[in-house]
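Below is one structure, written out as structure tokens; comments come after it.
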């Protein structure tokens, strides 16, 4: 089986900062107030044991958890705080980068202000705001029929961005969100080609084309400076997430998830698959195993204790029926957050998305139990865990330990979040930070 190129590609990451900020904000709403904010005070070392062949133990002193990918926030996240009752708990989908305020003429400002008043019969306006730090004029819409929410951001940036994020908290480590993220871009109802992602990567004018799987959500993002190309990208991605070929063709699940191969008649069957092979590589890293056990030990009662990417030992337990059911449950517009930004026409954005959203009806079933519950502080004293992991006989003995604290089991104030982020940066944020030099 051939595998597609890595999707972790960004030609202009600085221009994606605004999109990343929204995806962080969208994720904060998608997780609801249930995503525990944690500080990354991880100290790495390894405890070793040798008995017979080389084996090692991972010690995790866990009174809480550490997660370095749960720290993005920005003005749009603040906007989402004002437009909902849920506390923001965001994770940035790209590296943080600063954006200077846009110097806009009074004429440009007047034109951008008008975009906040654009209406469409299929949508109702929920909120409006101006994010002066980004030169962004925002309107939050709700699609009346499907219940989907759409944030439209207008600016004088010619790099047009579209993103759609679904809440996809897994209940096990079969990797179903990760496999589905790969699979939906393997053809759809309107775009029947086998691998439209690769074709877009090679043949479009995209400035960004990617998808991301997080512990509690899945994000799909495209961008282009050419309007016609941009709307084509949006059409391909929208049709892919709502009408993928993967849910009706078991071969896609087998290719992207797992299957059995016989390379030699004298050899036993072996597991293969794009995600299966990818996660085998991840699980070959002691650092990854340490972090996995740390998350599991600190979050025993919610989705952050399982691996959304997939554990190679568990991935083969995922059936095609479970795979298709996961899409049907979570990939409904009412369980998504949609985002547009750039200098394109807001009316065109709304009309384009209505073509897809109008096929769905909002109902109690369209909002699945995707809100992640808080992890209660159940530890009365520090908890120590030790786990073996495979290591080659020629590997030098090293030592690794990870210490974690569960900082909160309820929404954290913005000032507390900022304080902890500053502390995190001082302790671990640079090569000259205290703990990195210790």
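The values are calculated or read from the model by the stated rules, or taken from the named source; none is laboratory data. All figures in this text were calculated on a predicted structure; none of them were measured in a lab. Note: ideal-geometry Cβ built from the backbone for every residue, glycine included; neighbour counts use all protein chains shown.
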Worksheet item: Out of all the residues in region 293-324, which are outside any loop (DSSP other than H, G, I, E, B), out of contact with any helix residue (DSSP H, G or I) (no Cβ under 9 Å at 6 or more places or on another chain) and under 30 Å from residue 269 (Cα atoms)?
Response: 293, 317, 321
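Within region 188-203, track down each residue that is closer than 13 Å to residue 255 by Cα and in contact (Cβ under 8 Å) with a residue 24 or more places away in the chain.
Matches in region 188-203: 195 only.
Restricting region 250-266 to residues that are out of contact with any helix residue (DSSP H, G or I) (no Cβ under 9 Å at 6 or more places or on another chain) and at pLDDT 90 or above, which is nearest to residue 328 (Cα to Cα)?
That would be 251.
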Response to the item:
Within region 132-144, of all residues that are touching a residue at least 24 places away in the same chain (Cβ under 8 Å) and in contact with a strand residue (DSSP E or B) (Cβ under 6 Å, 6 or more places away or on another chain), the one nearest to residue 331 (Cα to Cα) is 143
Worksheet item: When you look at residue 344, is it part of a helix (DSSP H, G or I), closer than 30 Å to residue 160 by Cβ and touching a strand residue (DSSP E or B) at 6+ places or on another chain (Cβ under 9 Å), yes or no?
Response: no
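Residue-by-condition table, conditions (1) within 30 Å of residue 258 (Cβ to Cβ); (2) surrounded by 14 or more Cβ atoms within 10 Å (Cβ to Cβ):
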| residue | (1), (2) |
| --- | --- |
| 324 | yes, yes |
| 331 | yes, yes |
| 387 | yes, yes |
| 398 | no, no |
| 405 | no, yes |
| 425 | no, no |
| 433 | no, yes |
Worksheet item: If you go through region 223-241, how many residues are more than 18 Å from residue 333 (Cα to Cα) and either surrounded by fewer than 22 Cβ atoms within 10 Å (Cβ to Cβ) or in contact with a helix residue (DSSP H, G or I) (Cβ under 9 Å, 6 or more places away or on another chain) (or both)?
Response: 10
Worksheet entry | Count - residues of region 351-371 that are at pLDDT 90 or above and part of a helix (DSSP H, G or I) | 7
Worksheet item: Quick check, is residue 171 in a loop (DSSP other than H, G, I, E, B) and either in contact with a helix residue (DSSP H, G or I) (Cβ under 8 Å, 6 or more places away or on another chain) or at pLDDT below 95 (or both)?
Response: yes
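Let's see how each residue does on (1) part of a strand (DSSP E or B); (2) under 19 Å from the mean Cα position of the chain (by Cα); (3) over 18 Å from residue 333 (Cβ atoms); (4) at pLDDT 95 or above:
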{"residue": "146", "(1), (2), (3), (4)": "no, no, no, yes"}
{"residue": "150", "(1), (2), (3), (4)": "yes, yes, no, yes"}
{"residue": "164", "(1), (2), (3), (4)": "yes, yes, no, yes"}
{"residue": "178", "(1), (2), (3), (4)": "no, yes, yes, yes"}
{"residue": "181", "(1), (2), (3), (4)": "no, yes, no, yes"}
Worksheet item: Could you say whether any residue in region 197-208 is within 30 Å of residue 371 (Cα to Cα), in contact with a helix residue (DSSP H, G or I) (Cβ under 7 Å, 6 or more places away or on another chain) and part of a loop (DSSP other than H, G, I, E, B)?
Response: no
Fill in: Per-region count, region 297-310, residues more than 30 Å from residue 142 (Cβ to Cβ) and crowded, with 20+ Cβ neighbours inside 10 Å
7
